[in-house]
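Here, each number is a calculation from the coordinates, and none is a lab measurement. Every value quoted in this text rests on a predicted model; they were computed, and no experiment measured them. Every residue, glycine as well, gets a Cβ built from its backbone with ideal geometry; the counts of neighbours run over all protein chains shown.
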Amino acid sequence: MEKLVERVQGELMPEVTIESVDPQNPVQVSGVPKPWKLLGNGNYAAVFCHPEYENYAVKIYAPGRPGLDNEQEVYRRLGSHPAYAGCCYAGSDFLILERLRGMTFYDCMKRGVLITEQAVRDIDHALDYARSRGLHPHDVHAKNVMLRDGRGVIVDVSDFLNREPCTMWEDYKKVYYRLYKPIASRRTVPVPRFILEGVRKGYRLWRHRRD
């Protein structure tokens with residue numbers, strides 16, 4: 001772990017640029033040095049990996065974006081659970097996490113990969129577990145949950161200390177059971193990205209007006 005920390009601080013962070021242009025959209029990332037790879041980017045931070053440390057993911061927060069201390073506390077409360085990564089190291093502006101492999105529900109829909117009902121139930125159970133640890137699951141949606149060998153895992157817990165009510169996962173499940181499952185049980189087809197993005201933006205607007 002010490003060597004990985006040294007590479008994060010000496011190779012990755014001096015070169016990479018992470019900008020939060022719009023708090024409602026993913027951060028913008030540039031200047032990723034080889035052989036580091038960008039695994040994903042959310043509204044607060046970006047996640048990277050190094051080929052020599054494939055079992056770990058490095059999450060770096062954009063300058064000015066709060067939340068790292070809260071996320072570290074969330075991982076402390078979660079402890080060890082099969083649906084969540086573990087936090088292996090916490091720096092001043094980055095975390096080193098166990099790397100969860102799989103495909104997000106969003107990418108499953110985009111590629112036509114079946115999202116199993118077991119995976120949906122796994123997410124429900126994992127969220128109940130988080131609540132039992134004094135946490136408040138928040139911002140759980142198709143880009144933050146993943147299908148791994150037919151089972152469900154949660155890849156972003158950064159907002160689990162947020163006490164504001166959040167119905168995103170319950171809203172997703174309604175769509176899953178009322179629309180996705182009846183269709184996918186007969187045939188799974190890829191959904192174009194522009195449709196998924198249109199639904200995402202429309203849902204965000206609907207939530208804003210509803211709240």
Label-to-label distance, nm, for residues given as ARG186 and LEU100 (7 Å Cα→Cβ offset):
3.3
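If a/c stays under 1.5 just call it rounded; otherwise compare a/b with b/c (prolate if a/b is bigger, oblate if not). Do that for the range 2-98, with a ≥ b ≥ c from the square roots of the Cα gyration tensor eigenvalues.
In terms of gyration-tensor shape, oblate.
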Label-to-label distance, nm, for residues given as VAL21 and LYS201 (7 Å Cα→Cβ offset)
1.3
Using a basic spin-label model with each label point 7 Å from the Cα along Cα→Cβ, how many nm lie between LYS173 and GLN28?
3.8
Averaging the inverse of every distinct alpha carbon separation and then flipping it gives the Kirkwood radius. What is it for the range 103-202, in angstrom units?
14.0
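Cα-Cα over 28 Å: which of LYS59/LYS181; LYS34/LYS173; LYS174/LYS201? Before the final figure, lay out each step's value.
Numbers: LYS59/LYS181 33 Å; LYS34/LYS173 39 Å; LYS174/LYS201 18 Å.
Beyond 28 Å: LYS59/LYS181; LYS34/LYS173.
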Quarter of Cα convex hull surface for the chain, i.e. mean projection, nm²
11.9
Just from its helices, what would the mean residue ellipticity at 222 nm be for the chain, if runs of 4 or more DSSP H residues each count -39500 (n - 2.57) and the sum is divided by every residue, rounded to the nearest 500 deg cm²/dmol?
-9500 deg cm²/dmol
Got the relative contact order for the range 103-202 handy, in percent, Cα pairs under 8 Å and 6 or more residues apart?
36
Positive-end residue, the chain charge dipole about Cα centroid, Cβ charges, pick of SER30, ILE115, VAL189
VAL189
State the Cα centre-to-centre distance between the range 165-201 and the range 81-112 in whole Å.
21
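How large is the charge dipole for the chain, taken about the Cα centre, if only the Cβ atoms of Lys, Arg (+1) and Asp, Glu (-1) carry charge, to the nearest 20 debye?
Working: 32 positive and 27 negative charges, 232 e Å.
Here the chain has a charge dipole of around 1120 debye.
Over the range 2-98, what is the mean sequence separation of C-alpha contacts under 8 Å (at least six apart), divided by residue count, expressed as relative contact order in percent? Mind showing how you got there, number by number?
On the way: 158 pairs, mean separation 18.6, N = 97.
After rounding, I find 19 percent.
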Multiply the residue gap between ARG163 and ARG148 by 0.36 nm, knock off their C-alpha separation, and tell me the result in nm, one decimal place.
2.5 nm
In debye, nearest 20, what is the charge dipole magnitude of the range 80-156 about its Cα centre with +1 on Lys and Arg Cβ and -1 on Asp and Glu Cβ, if you could check?
160
Taking every Cα atom in the range 144-211, find the radius of gyration and the maximum pairwise distance Dmax, and write them in Å.
14.1, 39
